[in-house]
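Undergrad: Dumping the structure here so I can ask a few things about it.
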Amino acid sequence: LADEEDLCKRYLLIHAFRKESKAFGSQRSASESKAADMALRNLATNGGYSDPLHLTLRMEAKIIEDQRALLEEQIIEGVSFRIIFDTAGKASLEVSKDGKSLKSIPAKLKKHETVVALTALVKTLTEQYRRTKQLLEQAMEDRSPFLLKDLALLSAHPVVAPMLRNLVLICDQG
């Protein structure tokens with residue numbers, strides 16, 4: 001692995017592979033899911049993480065760190081674009097002009113570089129929501145321990161923070 005950027009690219013590639021495998025039969029899908037799990041374990045080990053859970057937490061945080069500037073309001077030709085999050089943590093793109101909400105992106109701006117980046121980020125955040133929800137559910141079933149730094153990292157994440165509010169965390173002082 002060259003650096004954390006390389007680690008993140010490989011992490012996303014494994015998740016893309018897992019997502020694409022769902023298009024095939026159940027037997028192949030199950031086989032490829034096991035291969036993806038094994039690849040994540042190997043990537044975590046090679047990346048210096050104790051397990052895939054901690055790798056996933058770091059990579060999901062890195063994805064949003066790299067795109068933090070796009071979470072701010074963007075104004076293009078008088079049209080305001082803003083990524084908003086609902087109470088569950090799902091992202092959507094809010095488009096408004098002169099204080100009035102628009103139902104869709106104006107046709108002349110759909111291919112603008114920033115608008116394309118914003119719509120891609122909303123798609124990424126939606127995929128991240130699904131992955132993180134599944135990860136947290138599995139972590140709760142497995143009773144996986146979270147370090148304080150993990151919880152701090154997750155609490156700053158706009159997609160994950162709303163999910164954390166609904167969890168009951170147990171402190172093991174032993």
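Undergrad: Could you list, ordered by first residue, the pairs with Cβ atoms under 7 Å in which the first is in region 1-12 and within 15 Å of GLU65 (Cα to Cα) and the second is surrounded by fewer than 13 Cβ atoms within 10 Å (Cβ to Cβ), at least 6 apart or interchain?
TA: Close Cβ pairs (under 7 Å, with a partner that is surrounded by fewer than 13 Cβ atoms within 10 Å (Cβ to Cβ)) amount to LEU7/LEU1.
Undergrad: Still on this structure, please answer the following. Can we say GLN67 is modelled with pLDDT under 85 and surrounded by 13 or more Cβ atoms within 10 Å (Cβ to Cβ)? Talk me through it step by step, then tell me what you get.
TA: Working: modelled with pLDDT under 85: yes; surrounded by 13 or more Cβ atoms within 10 Å (Cβ to Cβ): yes.
Yes: the conditions hold for GLN67.
Undergrad: Looking at region 103-123, which of its residues are open to solvent by 60 Å² or more (accessible area, probe 1.4 Å) and over 20 Å from the mean Cα position of the chain (by Cα)?
TA: Within region 103-123, LYS103, SER104, ALA107, LYS108, LYS110, LYS111, HIS112, GLU113 meet the criteria.
Undergrad: Let me ask something else. Of all residues in region 70-92 being over 14 Å from the mean Cα position of the chain (by Cα) and of a type in the set (Ser, Thr, Tyr), which is surrounded by the most Cβ atoms within 10 Å (Cβ to Cβ)?
TA: Top of the filtered list is SER80.
Undergrad: If you don't mind, another one. Write out, first by first residue and then by second, each pair whose Cβ atoms fall under 9 Å of each other, whose residues are 6+ apart or on separate chains, and whose first residue, in region 95-108, is of a type in the set (Phe, Trp, Tyr) while the second is exposed (fewer than 10 other Cβ atoms within 10 Å of the Cβ) and modelled with pLDDT under 90.
TA: Nothing qualifies.
Undergrad: Tally up the residues in region 116-129 that are among the charged types (D, E, K, R) and touching a residue at least 60 places away in the same chain (Cβ under 8 Å), please. Before the answer, list the steps.
TA: Keep residues of region 116-129 that are among the charged types (D, E, K, R), which gives 123, 127.
Of the ones still in play, those that are also touching a residue at least 60 places away in the same chain (Cβ under 8 Å) are 127.
So the count comes out to 1.
Undergrad: Consider region 130-174. How many of its residues are touching a residue at least 12 places away in the same chain (Cβ under 8 Å), under 15 Å from GLU60 (Cβ atoms) and not in a loop (DSSP other than H, G, I, E, B)?
TA: 14
Undergrad: May I ask you to say which residue of GLU5, GLU77, GLU60 is under 20 Å from ALA161 (Cα atoms) and acidic (Asp, Glu)?
TA: Details: GLU5 fails: under 20 Å from ALA161 (Cα atoms); GLU77 fails: under 20 Å from ALA161 (Cα atoms).
Unique residue meeting the criteria: GLU60.
Undergrad: Of all the residues that make up region 124-164, how many are loosely packed, with under 11 Cβ neighbours inside 10 Å and under 23 Å from LEU93 (Cα atoms)?
TA: 0
Undergrad: What single numbered condition from (1) open to solvent by 30 Å² or more (accessible area, probe 1.4 Å); (2) at pLDDT below 85; (3) under 15 Å from the mean Cα position of the chain (by Cα) fails to hold for LEU57?
TA: Among (1) open to solvent by 30 Å² or more (accessible area, probe 1.4 Å); (2) at pLDDT below 85; (3) under 15 Å from the mean Cα position of the chain (by Cα), the lone unmet condition for LEU57 is (1).
Undergrad: Among (1) under 28 Å from ALA152 (Cβ atoms); (2) open to solvent by 30 Å² or more (accessible area, probe 1.4 Å); (3) touching a residue at least 12 places away in the same chain (Cβ under 8 Å); (4) hydroxyl-bearing (Ser, Thr, Tyr), there is one condition SER50 misses while meeting the rest; what is its number?
TA: In the conditions (1) under 28 Å from ALA152 (Cβ atoms); (2) open to solvent by 30 Å² or more (accessible area, probe 1.4 Å); (3) touching a residue at least 12 places away in the same chain (Cβ under 8 Å); (4) hydroxyl-bearing (Ser, Thr, Tyr), SER50 misses (3) alone.
The values are calculated or read from the model by the stated rules, or taken from the named source; none is laboratory data. Since the model is a prediction, treat every value here as computed from it, not as a measurement. Quick reminder, even Gly has a Cβ in these numbers, built from the backbone with ideal geometry, and neighbours come from all protein chains shown. All accessible areas refer to the heavy atoms of the entire protein, side chains included, with ligands and DNA or RNA removed. Shrake-Rupley method; radii C 1.70, N 1.55, O 1.52, S 1.80 Å.
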